[in-house]
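Taking it in order: structure first as structure tokens, then the write-up.
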Amino acid sequence: MTDVEAELRAQFEDAFGTADFPVTNQMDLVPALPDGPGTTFEAGDVSFSAMELAANLSGHQEFPYESLDELVDDVMAGLKAEGML
């Protein structure tokens, strides 16, 4: 895992860690985000908002998620698959 990947993973864990699991869809995650849909994740030269994540990763997510680790694993895998990392 690169430094950028590790930093983003930590940011996702912080941002989504307060969600009430299980989460059944993307909207269940919005209340957990510090700035709602406008929350921005940045590491190295990579930056995207929660809205961009939702738009680009919807095909890579398999709701419901029972745990934070499952969710973040899929987000990271989706970012890689979409060439965003």
For this session: Test each condition in (1) within 17 Å of THR18 (Cα to Cα); (2) modelled with pLDDT of 95 or more for ALA77 and report the one that comes out false.
Result: (1)
For this session: For the stretch 34-43, enumerate the residues that are over 10 Å from the mean Cα position of the chain (by Cα) and either modelled with pLDDT of 95 or more or at negative phi (or both).
Result: PRO34, ASP35, PRO37, GLY38, THR39, THR40, GLU42, ALA43
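State all residues of the stretch 30-85 that are among the polar types (S, T, N, Q), without any contact (Cβ under 8 Å) to a residue 12 or more places away in the chain and assigned to a helix (DSSP H, G or I); if no residue qualifies, say none.
Of the residues in the stretch 30-85, the ones among the polar types (S, T, N, Q) are 39-40, 47, 49, 56, 58, 61, 67.
With the extra rule that they be without any contact (Cβ under 8 Å) to a residue 12 or more places away in the chain, the set shrinks to 40, 47.
Listed by number, the list is empty, since nothing qualifies.
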For this session: Within the stretch 11-38, track down each residue that is out of contact with any strand residue (DSSP E or B) (no Cβ under 9 Å at 6 or more places or on another chain) and not acidic (Asp, Glu).
Result: GLY17, THR18, ASN25, GLN26, MET27, VAL30, PRO31, LEU33, PRO34, GLY36
Exercise. What residue, among those in the stretch 53-81 that are over 16 Å from ARG9 (Cα atoms) and acidic (Asp, Glu), is least open to solvent (accessible area, probe 1.4 Å)?
Worked result: GLU66
Problem set entry | Flag if ASP20 is exposed (fewer than 14 other Cβ atoms within 10 Å of the Cβ) and in a helix (DSSP H, G or I) | no
For this session: Working only within the stretch 32-52, note down all residues that are open to solvent by 60 Å² or more (accessible area, probe 1.4 Å) and under 18 Å from GLU5 (Cα atoms).
Result: THR40, GLU42, GLY44, ASP45, SER47, GLU52
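The values are calculated or read from the model by the stated rules, or taken from the named source; none is laboratory data. This one's a predicted model, so the numbers in the text were calculated from it and none came from an experiment. So basically every Cβ, Gly included, is an ideal-geometry build from the backbone, and we count neighbours across all protein chains shown. Protein only, heavy atoms only, side chains kept; ligands, DNA and RNA dropped before computing areas. Shrake-Rupley method; radii C 1.70, N 1.55, O 1.52, S 1.80 Å.
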